[in-house]
Amino acid sequence: MSLWEKPYFSTLKGPVKMAETATPAETAKSANPEMLRAARRSPASHLASTFESGSVDGTVALKEIPFQTMVGVRVDRASDAGARLASVTGGLPAVCGETIRNERSTTLWLGPDEFLVVAPETAHDSLGGDLVRALVEALGEHPGQVVDLSANRTTFELSGIRARDVLEKGCSLDLHPREFRTGTALATEIGNIPAILFKTGEDRFRIFPRASFADFLGRWLLDGMREFASPEVP
Amino acid sequence: MLLISCPNCGPRDETEFHYGGQAHVAYPENPDALTDREWAEYLFYRDNTKGNFAERWVHSTGCRKWFNMLRDTVTYDIKAVYKMGEPRPDLTSARQDATSPEGASK
Ligand SMILES: [Zn+2]
């Protein structure tokens, strides 16, 4: 069986799904990465200008980072397959909150045997990358899962000196830097919806909501940012 | 709102969890041998304890793992959190833990 016949491709969303119903001529055209990009619409694309006007220079900014490559991995860390997957990702996190980064991706701990590998858009196999293929091959026939989840979640980036204040309106984790350190990612609730919160810098957070929650969470965060656009009341 | 200490993730709001009912209800050895009444009792009949109750919870929006919890149904005090498959903790030792400083019940 060639790699292209492996079942994981049937779980691909977006461009490949589109290709399934397209005519052969269109399929050939959509193999071009630029065409693929142009055909896609991210879950919060309709909020892009609102995010821009709602951001406050030097205080708090919100933007969507669309189409990141995300691969769900379920494997026993202690198994041979776990070790092979770890060699692709630079390791598999051992405890809640831990993330492991190498030159091609960042791997988040979601559970004792569940991980999320996040990489830039171009790491995706449909855009010339090889991340999904490398992970599928690393798992091989062993028990576990490697599933392309790139269309499952979008990414928001909330940054600025007030970013933590905005998050704290809807998230009950202890986000103080002494507890919540840069490089930590936690699956939790923000604004009453499930999301993954990843602290990527001192005043910089990436939030991964599921696509269907992107509109709600985007507007929730904008609402939380509003007060910082007004002059401080003495 | 309860603050529940997930064995994997630490203390989180109750809203991150879902309740799974009474713990330690064993699946019948031989379901075919049961009468309808016995099967119905296995499926639907549960204790209605006043006091310490062993129950299952799942950390739905966190690590998505199940665990057991010993909770006082009167005071809502969480007496112990322990892994699936582990026996219900001995209450007398749990009491000793509760009186030690810094809540050794973690
Ligand atoms: Zn947990």
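If you take just the strands (runs of 3 or more DSSP E) that sit entirely in region B:2-84, which of them hold at least 3 residues that are away from chain A (no Cβ under 12 Å) and away from the ligand (no atom under 15 Å from the Cβ)?
It comes to B:52-58, B:66-72.
Every residue in region A:108-142 that is among the hydroxyl-bearing types (Ser, Thr, Tyr) and out of contact with any Gly (no Cβ under 7 Å at 6 or more places or on another chain), please.
Within region A:108-142, A:126 is the sole residue that qualifies.
So, residue B:55, is that one in contact with a Ser or Thr (Cβ under 6 Å, 6 or more places away or on another chain), charged (D, E, K, R) and surrounded by 15 or more Cβ atoms within 10 Å (Cβ to Cβ) or not?
no
Run down A:150, A:126, A:105 and say which single residue is under 30 Å from residue A:34 (Cβ atoms), over 14 Å from the mean Cα position of the chain (by Cα) and away from every other protein chain (no Cβ under 14 Å).
Result of the check over A:150, A:126, A:105: A:126.
Do you know which residues across region A:184-219 are free of Cβ contacts under 8 Å to residues at least 60 places away in the same chain and closer than 17 Å to residue A:160 by Cα?
A:197, A:199, A:200, A:201, A:202, A:203, A:204, A:205, A:207
Please go through region B:1-40 and give me each residue that is hydrophobic (A, V, I, L, M, F, W, C) and over 11 Å from residue B:59 (Cβ atoms), ordered by number.
B:1, B:2, B:3, B:23, B:25, B:26, B:33, B:34, B:39, B:40
State all residues of region A:94-121 that are out of contact with any Leu (no Cβ under 6 Å at 6 or more places or on another chain), assigned to a loop (DSSP other than H, G, I, E, B) and within 14 Å of the ligand (Cβ to nearest atom); if no residue qualifies, say none.
Within region A:94-121, A:95, A:96, A:98, A:112, A:113 meet the criteria.
Which residues, counting only those in region A:153-180, are assigned to a loop (DSSP other than H, G, I, E, B) and within 14 Å of chain B (Cβ to nearest Cβ)?
Correct list: A:170, A:171, A:172, A:173, A:174, A:175, A:179, A:180.
Yes/no matrix, rows are residues, columns are (1) hydroxyl-bearing (Ser, Thr, Tyr); (2) buried (at least 18 other Cβ atoms within 10 Å of the Cβ); (3) assigned by TED's automatic domain parsing to the domain that holds residue A:97:
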| position | (1), (2), (3) |
| --- | --- |
| A:141 | no, no, yes |
| A:159 | yes, yes, no |
| A:186 | no, yes, no |
| A:200 | yes, no, no |
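The values are calculated or read from the model by the stated rules, or taken from the named source; none is laboratory data. The structure presented is a predicted model; accordingly, all values stated were derived computationally and were not measured. Here the Cβ is made from the backbone with ideal geometry for all residues, glycine too, and neighbour counts use every protein chain on show.
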